[in-house]
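One structure is given here, and the rest of the page talks about it.
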Amino acid sequence: MSFIKTTEQDSAYNHLEKMSITEVLTHINTEDKTVPLAVERALPQIELVVQQVVEKLKKGGRLFYMGAGTSGRMGILDASECPPTFGVDNNLVIGIIAGGDQAIRNAVENAEDHPQQGWLDLLQFQINNNDIVIGIAASGTTPYVIEALKKCKEHQITTACITSNAASPLTLVANYPIEVVVGPELISGSSRMKAGTAQKLVLNMISTTTMIQLGKVKGNKMVDMKMTNAKLIQRGIQIISSTLNISTAEATELLDQHQTVRQAIEHYKS
(Lines give C-alpha, C1' and ligand atoms only; values in the text may rest on other atoms or scores of the structure.)
Protein backbone atom coordinates (compact mmCIF):
# COMPACT_ATOMS: atom_id res chain seq x y z
CA MET A 1 0.00 0.00 0.00
CA SER A 2 1.44 3.38 -1.01
CA PHE A 3 1.62 6.08 1.64
CA ILE A 4 -0.88 8.91 1.13
CA LYS A 5 -0.90 11.60 3.80
CA THR A 6 -4.63 12.26 3.97
CA THR A 7 -4.16 14.58 6.94
CA GLU A 8 -2.49 17.04 4.56
CA GLN A 9 -4.98 16.80 1.72
CA ASP A 10 -7.06 19.82 0.78
CA SER A 11 -10.27 20.46 2.69
CA ALA A 12 -13.59 19.63 1.11
CA TYR A 13 -14.69 23.14 2.09
CA ASN A 14 -13.54 26.42 0.58
CA HIS A 15 -14.01 30.12 1.30
CA LEU A 16 -14.45 29.42 5.01
CA GLU A 17 -13.92 33.09 5.78
CA LYS A 18 -17.03 33.94 3.79
CA MET A 19 -19.27 31.56 5.70
CA SER A 20 -21.60 32.47 8.53
CA ILE A 21 -20.95 31.18 12.05
CA THR A 22 -23.81 28.73 11.62
CA GLU A 23 -22.35 27.38 8.40
CA VAL A 24 -18.89 26.88 9.89
CA LEU A 25 -20.25 25.17 13.00
CA THR A 26 -22.46 22.92 10.89
CA HIS A 27 -19.55 21.86 8.70
CA ILE A 28 -17.33 21.16 11.71
CA ASN A 29 -20.08 19.06 13.25
CA THR A 30 -20.62 17.20 9.99
CA GLU A 31 -16.93 16.28 9.84
CA ASP A 32 -16.77 15.37 13.53
CA LYS A 33 -19.59 12.85 13.07
CA THR A 34 -17.29 10.78 10.85
CA VAL A 35 -14.65 10.30 13.54
CA PRO A 36 -16.35 7.58 15.64
CA LEU A 37 -16.97 5.59 12.46
CA ALA A 38 -13.28 5.78 11.62
CA VAL A 39 -12.46 4.61 15.14
CA GLU A 40 -14.93 1.74 14.74
CA ARG A 41 -13.06 0.52 11.69
CA ALA A 42 -9.88 0.39 13.78
CA LEU A 43 -11.40 -1.61 16.67
CA PRO A 44 -9.54 -4.85 15.80
CA GLN A 45 -6.23 -2.94 15.90
CA ILE A 46 -7.18 -1.23 19.16
CA GLU A 47 -8.05 -4.58 20.72
CA LEU A 48 -4.62 -5.98 19.89
CA VAL A 49 -2.96 -2.99 21.54
CA VAL A 50 -5.09 -3.25 24.69
CA GLN A 51 -4.22 -6.94 24.99
CA GLN A 52 -0.54 -6.03 24.94
CA VAL A 53 -0.96 -3.20 27.43
CA VAL A 54 -2.88 -5.38 29.88
CA GLU A 55 -0.30 -8.14 29.62
CA LYS A 56 2.59 -5.75 30.23
CA LEU A 57 0.95 -3.97 33.17
CA LYS A 58 -0.07 -7.24 34.81
CA LYS A 59 3.60 -8.23 34.75
CA GLY A 60 4.70 -5.00 36.40
CA GLY A 61 5.48 -2.99 33.28
CA ARG A 62 4.43 0.55 32.41
CA LEU A 63 2.54 2.23 29.59
CA PHE A 64 4.22 5.15 27.84
CA TYR A 65 2.53 7.60 25.48
CA MET A 66 4.77 9.83 23.41
CA GLY A 67 4.11 12.44 20.78
CA ALA A 68 4.67 16.04 19.70
CA GLY A 69 2.27 18.98 19.77
CA THR A 70 -1.39 18.03 19.96
CA SER A 71 -0.51 14.33 19.91
CA GLY A 72 1.82 14.68 22.86
CA ARG A 73 -0.73 16.71 24.80
CA MET A 74 -3.40 14.08 24.20
CA GLY A 75 -1.14 11.41 25.63
CA ILE A 76 -0.29 13.50 28.67
CA LEU A 77 -3.98 14.25 29.25
CA ASP A 78 -4.92 10.57 29.24
CA ALA A 79 -1.96 9.59 31.41
CA SER A 80 -2.67 12.31 33.96
CA GLU A 81 -6.28 11.16 34.38
CA CYS A 82 -5.39 7.57 35.28
CA PRO A 83 -4.18 8.11 38.88
CA PRO A 84 -7.21 10.12 40.11
CA THR A 85 -9.74 8.02 38.19
CA PHE A 86 -8.38 4.56 38.91
CA GLY A 87 -6.12 5.07 41.92
CA VAL A 88 -3.00 3.83 40.15
CA ASP A 89 0.54 5.04 40.74
CA ASN A 90 1.62 8.18 38.88
CA ASN A 91 4.34 6.17 37.17
CA LEU A 92 2.12 3.44 35.72
CA VAL A 93 0.93 5.45 32.70
CA ILE A 94 3.41 8.10 31.57
CA GLY A 95 2.97 10.79 28.94
CA ILE A 96 6.00 12.26 27.19
CA ILE A 97 5.90 15.26 24.85
CA ALA A 98 8.60 16.52 22.48
CA GLY A 99 10.10 19.64 24.00
CA GLY A 100 9.37 18.65 27.58
CA ASP A 101 6.78 20.01 30.00
CA GLN A 102 6.98 23.54 28.61
CA ALA A 103 5.58 22.17 25.33
CA ILE A 104 2.33 21.25 27.07
CA ARG A 105 1.27 24.91 26.99
CA ASN A 106 3.55 26.47 24.40
CA ALA A 107 4.86 25.13 21.12
CA VAL A 108 8.58 24.36 21.23
CA GLU A 109 10.18 25.13 17.88
CA ASN A 110 11.45 22.09 15.95
CA ALA A 111 11.08 19.77 18.97
CA GLU A 112 9.35 17.09 16.91
CA ASP A 113 12.17 17.10 14.34
CA HIS A 114 14.89 15.85 16.72
CA PRO A 115 15.26 12.15 15.88
CA GLN A 116 17.41 11.18 18.88
CA GLN A 117 15.54 13.05 21.60
CA GLY A 118 12.58 10.70 21.89
CA TRP A 119 14.76 7.77 22.89
CA LEU A 120 16.77 9.96 25.25
CA ASP A 121 13.51 11.04 26.92
CA LEU A 122 12.50 7.40 27.36
CA LEU A 123 15.87 6.59 28.89
CA GLN A 124 15.15 9.15 31.62
CA PHE A 125 12.50 6.68 32.84
CA GLN A 126 14.79 3.63 32.66
CA ILE A 127 12.62 2.20 29.90
CA ASN A 128 12.92 -1.59 29.60
CA ASN A 129 11.30 -4.54 27.82
CA ASN A 130 8.68 -4.94 30.54
CA ASP A 131 7.14 -1.70 29.28
CA ILE A 132 5.08 -0.78 26.21
CA VAL A 133 5.39 2.47 24.26
CA ILE A 134 2.58 3.97 22.17
CA GLY A 135 3.73 6.60 19.70
CA ILE A 136 1.07 9.15 18.76
CA ALA A 137 1.35 11.15 15.54
CA ALA A 138 -1.51 12.15 13.28
CA SER A 139 0.82 12.47 10.30
CA GLY A 140 2.72 9.29 11.06
CA THR A 141 5.92 11.06 10.04
CA THR A 142 7.15 12.70 13.28
CA PRO A 143 10.91 11.95 13.62
CA TYR A 144 10.82 12.33 17.42
CA VAL A 145 8.33 9.46 17.67
CA ILE A 146 9.47 7.26 14.78
CA GLU A 147 13.10 7.09 15.83
CA ALA A 148 12.14 6.43 19.46
CA LEU A 149 10.07 3.43 18.38
CA LYS A 150 12.92 2.19 16.21
CA LYS A 151 15.23 2.26 19.23
CA CYS A 152 12.58 0.46 21.26
CA LYS A 153 12.52 -2.26 18.62
CA GLU A 154 16.31 -2.62 18.88
CA HIS A 155 15.91 -3.17 22.63
CA GLN A 156 12.99 -5.62 22.32
CA ILE A 157 10.52 -3.14 23.80
CA THR A 158 6.95 -3.60 22.53
CA THR A 159 5.54 -0.64 20.62
CA ALA A 160 2.23 0.54 19.24
CA CYS A 161 1.10 3.70 17.52
CA ILE A 162 -1.94 5.87 16.82
CA THR A 163 -1.96 7.67 13.49
CA SER A 164 -4.45 9.05 10.99
CA ASN A 165 -2.52 8.10 7.86
CA ALA A 166 -2.55 4.55 6.52
CA ALA A 167 0.78 2.85 5.78
CA SER A 168 2.74 5.74 7.29
CA PRO A 169 6.41 5.46 8.34
CA LEU A 170 5.21 5.28 11.96
CA THR A 171 2.86 2.40 11.14
CA LEU A 172 5.74 0.48 9.61
CA VAL A 173 7.94 0.68 12.72
CA ALA A 174 5.27 -0.09 15.34
CA ASN A 175 4.61 -3.66 16.42
CA TYR A 176 0.90 -2.90 16.85
CA PRO A 177 -0.29 0.03 14.71
CA ILE A 178 -3.65 1.73 15.10
CA GLU A 179 -4.69 3.63 11.97
CA VAL A 180 -7.74 5.86 12.33
CA VAL A 181 -8.06 7.48 8.91
CA VAL A 182 -10.37 10.46 9.38
CA GLY A 183 -9.63 12.14 6.04
CA PRO A 184 -8.90 15.81 5.29
CA GLU A 185 -9.60 18.37 7.98
CA LEU A 186 -12.01 21.30 7.63
CA ILE A 187 -8.97 23.58 7.71
CA SER A 188 -6.46 21.81 5.51
CA GLY A 189 -3.75 20.15 7.59
CA SER A 190 -5.17 21.17 10.99
CA SER A 191 -4.89 17.75 12.59
CA ARG A 192 -5.79 19.16 16.01
CA MET A 193 -9.37 18.73 14.80
CA LYS A 194 -10.64 15.33 13.59
CA ALA A 195 -7.32 13.55 14.02
CA GLY A 196 -6.96 14.94 17.55
CA THR A 197 -10.51 13.89 18.38
CA ALA A 198 -9.77 10.39 17.11
CA GLN A 199 -6.67 10.22 19.29
CA LYS A 200 -8.69 11.21 22.35
CA LEU A 201 -11.31 8.53 21.65
CA VAL A 202 -8.71 5.81 21.13
CA LEU A 203 -6.72 6.78 24.22
CA ASN A 204 -9.92 6.71 26.28
CA MET A 205 -10.54 3.19 24.99
CA ILE A 206 -7.02 1.97 25.72
CA SER A 207 -6.72 3.29 29.27
CA THR A 208 -10.30 2.62 30.34
CA THR A 209 -10.44 -0.94 29.01
CA THR A 210 -7.01 -1.67 30.47
CA MET A 211 -8.01 -0.45 33.92
CA ILE A 212 -11.22 -2.48 33.83
CA GLN A 213 -9.17 -5.56 32.92
CA LEU A 214 -6.83 -4.80 35.83
CA GLY A 215 -9.77 -4.79 38.24
CA LYS A 216 -9.84 -1.06 38.89
CA VAL A 217 -13.62 -0.85 38.30
CA LYS A 218 -16.33 -2.71 40.23
CA GLY A 219 -19.64 -3.02 38.40
CA ASN A 220 -19.47 0.33 36.67
CA LYS A 221 -18.07 2.30 39.60
CA MET A 222 -14.68 3.95 40.13
CA VAL A 223 -14.01 2.20 43.43
CA ASP A 224 -10.31 3.13 43.44
CA MET A 225 -10.66 6.81 42.54
CA LYS A 226 -8.72 9.35 44.58
CA MET A 227 -11.17 11.61 46.39
CA THR A 228 -9.35 14.90 46.12
CA ASN A 229 -12.31 17.29 46.32
CA ALA A 230 -15.79 17.60 47.79
CA LYS A 231 -17.50 16.38 44.60
CA LEU A 232 -15.48 13.18 44.53
CA ILE A 233 -15.99 12.55 48.24
CA GLN A 234 -19.74 12.80 47.71
CA ARG A 235 -19.49 10.48 44.74
CA GLY A 236 -17.60 7.99 46.91
CA ILE A 237 -20.27 8.16 49.60
CA GLN A 238 -22.99 7.61 47.02
CA ILE A 239 -21.19 4.58 45.56
CA ILE A 240 -20.83 3.02 49.01
CA SER A 241 -24.44 3.79 49.91
CA SER A 242 -25.92 2.36 46.71
CA THR A 243 -23.62 -0.67 46.59
CA LEU A 244 -24.25 -1.71 50.17
CA ASN A 245 -27.83 -0.40 50.35
CA ILE A 246 -27.09 1.64 53.46
CA SER A 247 -27.80 5.22 54.48
CA THR A 248 -25.66 8.17 53.49
CA ALA A 249 -24.66 8.62 57.12
CA GLU A 250 -23.46 5.03 57.38
CA ALA A 251 -21.61 5.34 54.07
CA THR A 252 -19.92 8.53 55.26
CA GLU A 253 -18.81 6.80 58.45
CA LEU A 254 -17.43 3.86 56.50
CA LEU A 255 -15.51 6.12 54.15
CA ASP A 256 -14.07 8.09 57.07
CA GLN A 257 -12.96 4.85 58.64
CA HIS A 258 -11.45 3.14 55.57
CA GLN A 259 -10.50 6.17 53.42
CA THR A 260 -11.18 4.45 50.08
CA VAL A 261 -14.40 3.29 48.44
CA ARG A 262 -13.02 -0.19 47.76
CA GLN A 263 -11.86 -0.73 51.34
CA ALA A 264 -15.15 0.57 52.70
CA ILE A 265 -17.16 -1.87 50.57
CA GLU A 266 -14.88 -4.86 51.12
CA HIS A 267 -14.68 -4.41 54.89
CA TYR A 268 -18.37 -3.78 55.46
CA LYS A 269 -19.49 -6.36 58.03
CA SER A 270 -16.72 -8.62 56.83
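At 222 nm, what helix-only mean residue ellipticity would the chain give, in deg cm²/dmol to the nearest 500, using -39500 (n - 2.57) for each DSSP H run of four or more?
Helices in the chain give a 222 nm mean residue ellipticity of -14500 deg cm²/dmol.
May I ask you to give the percent of accessible area on the chain that is carbon plus sulfur, with a probe radius of 1.4 Å?
Heavy-atom surface of the chain belonging to carbon and sulfur, 1.4 Å probe: 51 percent.
Along the principal axes of its C-alpha atoms, what lengths does segment 100-156 span, in descending order and rounded to whole Å?
32, 22, 17
Angle check, please: helix 230-244 long axis (alpha carbons) against the longest principal axis of the chain (alpha carbons), in degrees 0 to 90, nearest 10.
With rounding to tens, the tilt is 60 degrees.
Can you tell me how segment 116-247 classifies by the Cα gyration tensor, rounded, prolate or oblate, using a/c under 1.5 as the rounded cut?
prolate
Tell me which residues come under 5 Å, amide H to amide H, from TYR176 once H is placed; ignore anything under 5 positions away on its chain.
When sequence neighbours closer than 5 places are left aside, the close amide H contacts are THR159, ALA160, CYS161.
In percent, how large is the relative contact order of the chain, given Cα pairs closer than 8 Å and 6 or more residues apart? Don't jump to the answer; show the numbers that get you there.
Details: 474 pairs, mean separation 63.1, N = 270.
23 percent.
Please say if segment 204-264 is rounded, prolate or oblate, where rounded means a/c under 1.5 for a ≥ b ≥ c the square roots of the C-alpha gyration tensor eigenvalues, and otherwise the choice is prolate for a/b larger than b/c and oblate otherwise?
Cα axes put segment 204-264 in the prolate bin.
So how much slack lies between GLU47 and THR34, counting 0.36 nm per residue of separation and subtracting their Cα-Cα distance, in nm?
So the chain would gain 2.6 nm between GLU47 and THR34.
How many Å³ per residue does the convex hull of the Cα positions in segment 82-176 occupy?
113 Å³
Return one number: the angle in degrees, 0 to 90 and rounded to the nearest 10, between the long axis of the Cα atoms of helix 143-154 and the longest principal axis of the Cα atoms of the chain.
Roughly 70 degrees between the two axes.
Just want to confirm a number: the relative contact order over segment 106-180, from Cα pairs under 8 angstrom separated by 6+ residues, in percent.
30 percent
According to the Kirkwood expression over distinct Cα-Cα pairs, how big is the hydrodynamic radius of segment 18-65, in Å?
Evaluated on segment 18-65, it is 13.7 Å.
So how much slack lies between LEU244 and LYS150, counting 0.36 nm per residue of separation and subtracting their Cα-Cα distance, in nm?
The LEU244-LYS150 span can extend by a further 28.8 nm.
With an 8 Å cut-off on Cα pairs and a minimum separation of 6 or more residues, tell me the relative contact order of segment 63-103 in percent.
For segment 63-103, the relative contact order is 51 percent.
Hey, which lysines would be in cross-link range of LYS5, C-alpha to C-alpha under 22 Å, not counting anything within fewer than 8 residues on its own chain?
LYS33, LYS150, LYS194, LYS200
Which cross-chain or sequence-distant (5 or more) residues have an amide H under 5 Å from the amide H of ILE96, H modelled 1.01 Å from N in plane?
Long-range HN contacts for ILE96: TYR65, MET66, GLY67.
Need the C-alpha centroid separation for segment 92-165 versus segment 1-61, integer Å.
20 Å
Starting from the Cα of ASN204, step 7 Å toward the Cβ, then list every residue of segment 65-103 with an amide N under 13 Å from that point.
Counting only backbone N, you get 78.
Give me the base-10 log of I(q)/I(0) for segment 132-202 at each q in 0.13, 0.16, 0.27, 0.28 Å⁻¹, Debye formula, one uniform scatterer per Cα, rounded to two decimals.
With one equal scatterer per Cα and no solvent, log10 I(q)/I(0) is -0.33, -0.49, -1.15, -1.21.
Tell me which aspartates and glutamates have Cα within less than 17 Å of LYS151's Cα, excluding those fewer than 8 residues away on the same chain?
Here the aspartates and glutamates satisfying the reach criterion relative to LYS151 are GLU112, ASP113, ASP121, ASP131.
Using amide H atoms built 1.01 Å from N in the peptide plane, name the residues 5+ places from SER188, or on other chains, whose amide H lies under 5 Å from its own.
SER11
Full extension from GLN124 to VAL181: what is 0.36 nm times the residue separation minus their Cα-Cα distance, to one decimal in nm?
17.3 nm
With a 1.4 Å probe and all protein chains left in place, how much accessible area per residue does the chain have, in Å²?
51 Å²
Can you give the local net charge around GLN52? Use residues other than it whose beta-carbon is closer than 15 angstrom to its beta-carbon, Lys and Arg +1, Asp and Glu -1.
Once all neighbours under 15 Å are counted, the net charge is +2.
The values are calculated or read from the model by the stated rules, or taken from the named source; none is laboratory data. These numbers come from a predicted model, not from an experiment. Virtual Cβ from ideal backbone geometry, glycine too; neighbours counted across all protein chains shown. Side chains are part of the model used for accessible areas, which takes the heavy atoms of the whole protein and leaves out ligands, DNA and RNA. Shrake-Rupley method; radii C 1.70, N 1.55, O 1.52, S 1.80 Å.
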